[in-house]
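Chemist: First the structure, then my questions, so here it is.
Coordinate-derived values only; no laboratory data. Not measured: the values here are computed from a predicted model. With ideal geometry, Cβ positions are generated from the backbone for all residues, glycine too; neighbour counts draw on all protein chains shown.
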Amino acid sequence: MRIFLSLLLSMSLCAVAQTTAPDDKQAVAPLAQGPLDYVCPMDKDVRADKPGYCPRCHMKLVLGVPGDSEFPVDLTISPRRFQAGGKVQLTFRVRDPKTGKTVDHFEIVHDKFFHMFVVSQDLGYFLHDHPVPQADGTFVFDAVFPKPGMYRVGADFYPAGGTPQLIARTVIVPGAAGSDLSVAEPHLKPALGVSHCENMDVELAMDPPEPIAGTKTLLFFRIKPADGIEQYLSAWGHMLVASDDLIDLIHDHPFIADGGPRMQFNIIFPRARTYKIWVQFQRKGVVNTASFTVPVSELK
């Protein structure tokens, strides 16, 4: 079960994590017998009567149902005066929602303590990277925003004692002095079918073919050539979905994948909007990012 929350420009989303368990870990069946006291912190429908690992995302099961408290994220940019094309340093500070203190203990998810997503307002720029942890509990990343406009920066992490989080923050990037700054929503046209990447082609088919807001949509990705497909960050694929107004962000991983050229993701688009999908697969050491634009309609 993927978790998401529709968010306004200062709100956040939760998401799920990876699909492949370590070979030396014993997966736990979703429907174990006996008292189901252990639960996956990401896929809360997966429960068991003993310790183990989620067979879907392969997170370690925890005792009891963890709370869904949102952990605030402070994002600072240095230097404070910057413009598009210039180098800046992003600093992320995660705070405990009860004490306000800096969180300095995180669980590893997909081989990293912290995943970062950056999406431009026109949905033409996408970045998935990993800020570096510091001794004081913060994470830093050297970035360049390529063009003026609004950006959404997603912080994806799993604080110890909490639940996996995807917290989005807004950054306004100015252009050269005296230039106009546009914050208009993009007008996207559907882009389905095949996405040509660095060393693969990725084809998307959906069921239903025309997604309906609030209902499950199955996304089937087919990769060509079929040889040399590898795990990337301990998962067969990584997907980020963004609405054209940047209010909805969803981070997801395959529901069905076995290392072959066909993978299935399940998603519920929360609203009738146009969504941009970025999905990443690795083949022969090369990380490929395919993109698609999907219109989502209201239920009639």
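Chemist: Given a Förster radius of 25 Å and the C-beta distance between His187 and Lys300 as r, what FRET efficiency does 1/(1 + (r/R0)^6) yield to the nearest 0.05?
Modeler: 0.60
Chemist: Continuing with this model, one more query. Where the only charges are on Cβ atoms (+1 Lys, Arg; -1 Asp, Glu), what is the dipole of the chain about its Cα centre, to the nearest 20 debye? Show your work: numbers first, answer last.
Modeler: Values: 29 positive and 33 negative charges, 63 e Å.
Approximately 300 debye in magnitude.
Chemist: Here's something else I'd like to know. So, by mean Cβ neighbours within 10 angstrom, what's the order for 267-273, 246-252, 285-291 with the highest one leading?
Modeler: Per-residue Cβ counts within 10 Å, averaged per peptide and sorted highest first, yield 246-252, 267-273, 285-291.
Chemist: Can you put Leu240, Leu90, Leu188 in order, fewest other beta carbons within 10 Å first?
Modeler: On the way: Leu240 25, Leu90 21, Leu188 17.
So the residues, fewest neighbours to most, are Leu188, Leu90, Leu240.
Chemist: When Phe281, Phe255 are ordered from fewest to most other Cβ atoms inside 10 Å of their Cβ, what list results?
Modeler: Numbers: Phe281 27, Phe255 17.
In order of increasing Cβ crowding within 10 Å: Phe255, Phe281.
Chemist: Shifting gears a bit: Taking neighbour counts of Cβ atoms within 10 Å as a proxy for exposure, in what order, fewest first, do Lys101, Lys147, Lys112, Lys276 appear? If you can, show how the numbers build up before the last one.
Modeler: On the way: Lys101 10, Lys147 14, Lys112 17, Lys276 22.
Ranking Lys101, Lys147, Lys112, Lys276 by Cβ neighbours within 10 Å, fewest first, gives Lys101, Lys147, Lys112, Lys276.
Chemist: Taking R0 as 30 Å, what's the FRET efficiency between Asp207 and Phe126 from their Cβ-Cβ distance, rounded to 0.05? Don't skip to the end; give the middle numbers.
Modeler: Numbers: r = 25 Å, r/R0 = 0.84.
After rounding to 0.05, the efficiency reads 0.75.
Chemist: Tabulate in residue order the Karplus-calculated ³J(HN,Hα) for the range 93-105, using 6.51 cos²θ - 1.76 cosθ + 1.60 with θ = phi - 60°, rounded to whole Hz; enter x for Gly and Pro.
Modeler: Whole-Hz 3J(HN,Hα) from phi for the range 93-105: 10, 9, 10, 5, x, 8, 9, x, 6, 5, 6, 10, 9.
Chemist: When the expected Rg is taken as 2.2 N^0.38 Å, what fraction or multiple of it is the alpha-carbon Rg of the chain? Could the numbers behind the result be given before it?
Modeler: Details: Rg = 19.3 Å, N = 300, 2.2 N^0.38 = 19.2 Å.
Against the empirical 2.2 N^0.38 Å value, I get 1.01 for the chain.
Chemist: For the range 193-295, what value does the Rg/Rh ratio take when both radii are computed over Cα atoms and Rh is the Kirkwood radius, given to two decimals? Before the final figure, lay out the partial values.
Modeler: Details: Rg = 13.1 Å, Rh = 13.7 Å.
Ratio of gyration radius to Kirkwood radius for the range 193-295: 0.95.
Chemist: Students often check this: by mean Cβ neighbours within 10 Å, which of 228-238, 169-179 ranks highest, and how do the rest follow? Before the final figure, lay out the partial values.
Modeler: Values: 228-238: 19.8, 169-179: 13.0.
Top to bottom by mean Cβ count within 10 Å: 228-238, 169-179.
Chemist: Still on this model: Between Ala176 and Thr76, how many nm apart are label points set 7 Å from Cα along the C-beta direction?
Modeler: 3.2 nm
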